[in-house]
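Heads up, the thing below is written out as structure tokens.
The values are calculated or read from the model by the stated rules, or taken from the named source; none is laboratory data. Please read all numbers here as calculations on a predicted model, not as lab measurements. In this analysis, Cβ positions are derived from the backbone assuming ideal geometry, glycine residues included, and neighbour counts consider all displayed protein chains.
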């Protein structure tokens, strides 16, 4: 304990108050905004000529440790939130805040300097025109990007001023590695849908929804919106490799898993856990095929399903996940193997449930014409379904979560001969809708469309129940 001899407020702004205690600066949170806070113009037209021609000049030397990976925040405003995060990650990440309003950047820099934040710089730039300048000259690897609560420009005539445009999405895709996440967050549903459409229409990105803020630190805006009963729409985007065949490559995944901590394709356990519970008992032996570094099986384990075996063809990710969960989920198994040859690794009739979350999707990434898939893809899908059928017990259940539309995925789950009165794998089907359910009787399978308010992006859950050996 020490006695505070004097406390002198030397700078304040929302969420932080900087005080001097016995000559030592300290941080403390404040809940009320300071009324004397400096005011700034809220909107500037990014399409104005002088904003198009401005030059971005990041002063990289202001970062103390240039060896740290970099997080880029686009539209940082006064930077209060970025300062909180920079403080929390000061030994792990460097942060770059980009803002189009020069006086706002100057203000943010002055406050950051008082906090001695040596892992944070602010850049005056129009990101839609200076993106290449910033990304090409970074002193180290870019780790992630955030675009939190960008200006919604609500008037239809102003939509062209929004930061995420088709040109921006295409330009960004040219620079980014698929392992670099783009975290997008807003409390305006129309803007969220608009940004999502831009990314998806480019055909260069994959997406997944997020329950929590990427940094697990809520901004003042988030706190306020949630307090008054509003919603925060959070989405993560990753660039798709130009050559989609890489997603079928073991070498690609080994390289990716070496540097990526975790990633959940499609829905998380939170989105589908209730529906899964209708088909899975806690005593069931469960196999997760193509587990990757997803948190799905760990969340399933926390929910009470302890008898889980995780399978992936990357030894690197299996070793990392085994080590990561050794203490928190000691009963889970991690095995390197081929999901199209499960009986090479397991005895027949071993599992009560097999779960595939986007594993078959990876097999299909190089299908150019969904109506007429190549024979090679049909054969791979057939090998996977046959393998799963053999690994399942006589009354086992195969659950698949996929972005594939039913009219494209049906042939792979049923077998290629769609004219048969019974399906190739002798699956029988049951269904429980989440939100809206479509059942096409002649397909003879259950389709649950996941319309959770946190998902809602066209993912589907297919449920196949085994009744006999194929």
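Taking residue 168 and the conditions (1) modelled with pLDDT under 90; (2) in contact with a helix residue (DSSP H, G or I) (Cβ under 7 Å, 6 or more places away or on another chain); (3) under 22 Å from residue 57 (Cα atoms), which numbered condition does it fall short on, given that it satisfies the others?
Unmet condition: (1).
State all residues of the stretch 222-242 that are over 22 Å from residue 173 (Cα atoms) and surrounded by fewer than 19 Cβ atoms within 10 Å (Cβ to Cβ); if no residue qualifies, say none.
223, 224, 225, 226, 227, 228, 229, 230, 231
Residue check, residue 69 against (1) under 21 Å from residue 182 (Cα atoms); (2) touching a helix residue (DSSP H, G or I) at 6+ places or on another chain (Cβ under 9 Å), all met but one. Which one?
(2) is the only condition that residue 69 fails.
A quick yes/no check of all residues on (1) in the same structural domain as residue 154 (by TED's automatic domain parsing); (2) within 16 Å of the chain's Cα centre (by Cα); (3) at pLDDT 90 or above:
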position: 188; (1), (2), (3): yes, no, yes
position: 192; (1), (2), (3): yes, yes, yes
position: 200; (1), (2), (3): yes, yes, no
position: 205; (1), (2), (3): yes, yes, no
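Tally up the residues in the stretch 316-333 that are in contact with a helix residue (DSSP H, G or I) (Cβ under 8 Å, 6 or more places away or on another chain) and either touching a residue at least 40 places away in the same chain (Cβ under 8 Å) or exposed (fewer than 15 other Cβ atoms within 10 Å of the Cβ) (or both), please.
Count: 5.
Can you spot a residue in the stretch 450-458 that is within 25 Å of residue 286 (Cβ to Cβ), crowded, with 20+ Cβ neighbours inside 10 Å and modelled with pLDDT of 85 or more?
no
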